[in-house]
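The structure appears below as structure tokens.
Read-outs throughout are calculated quantities, based only on the coordinates presented, and are distinct from any laboratory measurement. Predicted model only: the values in this text are computed from it and were never measured. Glycine also receives a Cβ, built like all others from the backbone with ideal geometry; neighbour counts cover every protein chain displayed.
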Amino acid sequence: MRSLISVSDLTRQDVETILGYARGFKEGLSYKIEGDVALLFLESSTRTKISFEKAARLLGLRTYSISGQTSSMTKGESFYDTLKTLELLGFKGVVFRVPFVLYPYKDLVDSLELSLVNAGDGTHQHPTQGLIDLFTLRERFGSLESLKVLYVGDILHSRVFRSGAALMKMFGVSVAVCGPATLIPKDVKALGVERVFKNVDEGIDWADVVVWLRLQKERQKENYIPSERSYFLEFGLTRERYKRLKGLFMHPGPVNREVDIAGDLIYSEKSLIEDQVRNGLFVRMAVLRWCLS
Ligand code: CP
């Protein structure tokens, strides 16, 4: 059994194996795993939780859900004791989403006889979203060598960016970012970024694919932007920018309509969002297979 907490623990061969499984599942491959999986979601989620649950059930796993409001962590129980309880109850794996950064995590992983699958921890990692985005780009472009991908928006708080950029760099993609200076981490170049654009239109002209990120209002403890309207006009996907876009765009969801992207462009011709959501099921089946079998 394996755990997946951060994409930094994956080799290129691991990623190839997972994406190969995902392709097989998308083509209709059936695969069965015996056992119980807990879905411990202490933060809200629609697509990640439901696609993990569906993925687990399609693999024959039995699923059990624990939410933030009903877990004994609200009474002060530690994350470790919660996981230990699930281990003692015979669970094979735990898919978790938590509001805190799980780092360091090696001792935690080594101390439990459970497979731990990270479905998003604070601003740290969202490995399956990164894998979904990589899978979706490969499906569309084949080789990713020298593809240019621009992430736009709230880079500072984005676990999607941290997982996605690392995976893309592994496959030869040139990664750039653009956003308000207040939302660009100081160490952004250490995260695999080649270029930082101040002007989103210059970034759009450079990129083959633009990933608009969600403005993470729930994590913003300060006023990082003057207003959502000014943010949208300066950095969002407006109808004017859509015309300028020579390539395609993505968004991990959920979208803030008229803040990240104009609402009527979400499911438009240049959008890969529907592919991202559909592929989520197959990539999560692949990750569960890789971790649990
Ligand atoms: N992309 C993503 O993590 O979406 P949810 O918050 O709906 O799971």
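Calculate how many DSSP beta bridges within the chain are antiparallel, expressed in % of all such bridges and rounded to the nearest 5.
Values: 1 of 36 bridges.
The antiparallel proportion sits near 5 percent.
For the chain, which span is the longest to avoid every loop-located (per DSSP) member of chymotrypsin sites (Phe, Trp or Tyr not before Pro) having at most 13 other Cβ atoms inside 10 Å? Don't skip to the end; give the middle numbers.
Values: sites that count: 100, 267.
Between exposed loop sites, the widest span is 101-266.
The phi torsions of segment 99-114, fed into the Karplus equation with coefficients 6.51, -1.76 and 1.60 and a -60° offset, translate into couplings of x, 9, 7, 8, 7, x, 9, 4, 4, 4, 4, 5, 8, 10, 9, 8 Hz, rounded to whole numbers, with Gly and Pro shown as x.
In whole angstrom, note down how far apart the Cα centers of segment 91-127 and segment 16-71 are. Between the Cα centres of segment 91-127 and segment 16-71 lies a distance of 15 Å. Mean residue ellipticity at 222 nm, helices only, the chain: -11500 deg cm²/dmol; runs of at least 4 DSSP H residues each add -39,500 (n - 2.57), and the sum is divided by the number of residues.
For residue 243, a cut-off of 26 angstrom between C-alpha atoms picks up these lysines, skipping any fewer than 8 places away in its own chain: 148, 198, 270. So which of 169/246; 189/246; 32/92 end up more than 20 Å apart by C-alpha? The pairs that break the limit, which is 20 Å between Cα atoms, are 169/246; 189/246. In loop segments of segment 203-293 as defined by DSSP, the trypsin sites (Lys or Arg not before Pro) with at most 12 further C-beta atoms inside 10 Å of their C-beta are 221, 246. Comparing 51, 115, 268 in a Gaussian network model of the chain (Cα springs below 10 Å), the most mobile by mean-square fluctuation is 268.
What does the charge count around residue 34 come to, taking other residues whose C-beta lies under 12 Å from its C-beta (Lys +1, Arg +1, Asp -1, Glu -1)? The answer is +2. Each Lys and Arg Cβ is given +1 and each Asp and Glu Cβ -1; about its Cα centre, segment 40-137 then shows a dipole of about 400 debye.
Within the listed set 29, 167, 183, the residue fluctuating most in the Gaussian network model of the chain (springs between alpha-carbon atoms under 10 angstrom) is 29. Among the GluC sites (Glu not before Pro) in segment 1-87, those located in a DSSP loop and surrounded by at most 13 other Cβ atoms within 10 Å of their own Cβ are 27, 34, 77.
Segment 150-215 and segment 275-293 have Cα centres lying 24 Å from one another.
What are the membrane-span-like helices in the chain by this rule: whole DSSP H runs, Cα extent along the axis at least 24 Å, mean Kyte-Doolittle hydropathy at least -0.5? Mind showing how you got there, number by number?
Values: long enough: 273-292 (28 Å, 0.43).
Within the chain the helices that satisfy the rule are 273-292.
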